[in-house]
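Student: Can you keep this structure in mind? I'll have questions shortly.
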Amino acid sequence: MTGADGNNRAPSVDLKFEVAVIPVADVDRAKNFYGRLGWRLDADFPVGDAFRVVQFTPPGSPASIHFGTGLTSATPGSASGLYLVVSDIEAARAELVERGAEVSDIFHREGPGKPAISGRDPARRSYRSYATFSDPDGNGWLLQEVTERLPGRVDTEVTDFASVGDLAGALRRAAAAHGEHEKRNGGEHDHNWPDWYAAYMVAEHAGKPLPE
């Protein structure tokens, strides 16, 4: 239904966020850094001396980054708060460190705007655990562990996973929850476990109540 201002209709065309431009001073240095992280190099298009665009995509990400020459007037290193969502922050941090990134210690917050507390969230609550790192220019990245999306943050009609790691993490959480489900049912083997797993994973992804 359309309101008087014409703005109440649901969008009919998808607007998929594709690329963020980050400002760098040395294009080849940045290219070497992001390549070492294992990010996919999608493009490196120079046009004379005045223009060059390099595109990298983080593993499992639907969005990419651009940097280069003639792309932005922003000060090199001025980008901050670039979120990288991960399903296991300890594993993600360890891999980045192994690949040469200087990553902060993991910290968590009790809620939005709350002070940082050392270490991963003890209960592994979604959205609570973080770590940070920067590229050679100082553009700042923030790792955030997300294992369960808040209601309204996903399309409840679609369940997809950006990587093998995300799917494996969802399966592990479903397996742990299903073990508790079997205990509550007298410890009997549940022959319908595939259906239970599927229902659990879809509900978790959509932020709906989880099956018991």
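Student: Note the angle between two axes, namely the Cα long axis of helix 27-36 and the longest principal axis of the Cα atoms of the chain, as a number of degrees from 0 to 90, rounded to the nearest 10.
Tutor: 30
Student: Given the options N32, N185, N139, state which has the largest fluctuation in a GNM of the chain using a 10 Å cut-off (strictly under) for Cα springs.
Tutor: The residue that fluctuates most here is N185.
Student: Could you give the size of the charge dipole of the stretch 19-145 about its Cα centre, using +1 on the Cβ of each K and R and -1 on the Cβ of each D and E, expressed in debye and rounded to the nearest 20?
Tutor: Computed charge dipole of the stretch 19-145: roughly 340 debye.
Student: Express the C-alpha Rg of the chain as a ratio against the empirical globular expectation 2.2 N^0.38 Å, rounded to two decimals.
Tutor: 1.24
Student: Would you mind computing, in nm to one decimal, how far apart the modelled labels at L210 and Q144 are, each placed 7 Å from Cα along Cα→Cβ?
Tutor: Modelled inter-label distance: 2.0 nm.
Student: Still on this structure: Work out, step by step, the length gained on full extension between K183 and D195: first 0.36 nm times the residue separation, then minus their alpha carbon distance; give nm to one decimal.
Tutor: The span from K183 to D195 would gain 2.6 nm if fully extended.
Student: Of the residues G165, G138, G187, which exhibits the maximal mean-square fluctuation in a Gaussian network model of the chain defined by a 10 Å Cα contact cut-off?
Tutor: Looking only at G165, G138, G187, the largest GNM fluctuation is found for G187.
Student: With the chain treated as a Gaussian network of Cα nodes joined by springs under 10 Å, which of S87, S73, S104 yields the largest mean-square fluctuation?
Tutor: The residue that fluctuates most here is S73.
Student: Between helix 164-184 and the chain, what is the angle of the helix's C-alpha long axis to the longest principal axis, kept within 0 to 90° and rounded to the nearest 10?
Tutor: So the helix axis and the longest Cα principal axis differ by about 20 degrees.
Student: Here's another thing I want to ask about it. Specify the inter-centroid distance of the stretch 6-47 and the stretch 172-212, based on alpha-carbon positions, in whole Å.
Tutor: Cα centres, the stretch 6-47 to the stretch 172-212: 37 Å.
Student: Set the Förster distance to 35 Å, then compute FRET efficiency between R99 and L15 from the Cβ-Cβ distance, nearest 0.05.
Tutor: Taking R0 as 35 Å, the efficiency between R99 and L15 is 0.60.
Student: Also, I was wondering about something else. Straight-line reach from K31: which aspartates and glutamates have a Cα under 12 Å away, not including same-chain ones fewer than 8 places off?
Tutor: Output for K31: D42, D44, D135, D137.
Student: Check cross-link reach from K183 to the aspartates and glutamates: straight Cα distance under 12 Å, and skip same-chain residues fewer than eight apart.
Tutor: Cα-Cα hits under 12 Å: E212.
Student: Further question: To make sure I understand the rule: partners must be aspartates and glutamates, Cα under 15 Å from the Cα of K16, and not fewer than 8 residues away in the same chain. Which ones qualify?
Tutor: D155
Student: What does the charge dipole of the stretch 29-94 about its Cα centre add up to, to the nearest 20 debye, if the Cβ of each Lys and Arg holds +1 and the Cβ of each Asp and Glu holds -1?
Tutor: Here the size comes out at about 140 debye.
Student: Rounded to the nearest 0.05, what FRET efficiency is calculated for D28 and A175 with R0 set to 35 Å and r the Cβ-Cβ distance?
Tutor: Rounded to the nearest 0.05, the efficiency is 0.20.
All of the numbers you see were taken from the coordinates with simple rules; none came from a lab. Small disclaimer: the values here were computed from a predicted structure and weren't measured. No Cβ is skipped: glycine too gets one built from the backbone with ideal geometry, and neighbour counts run over all protein chains shown.
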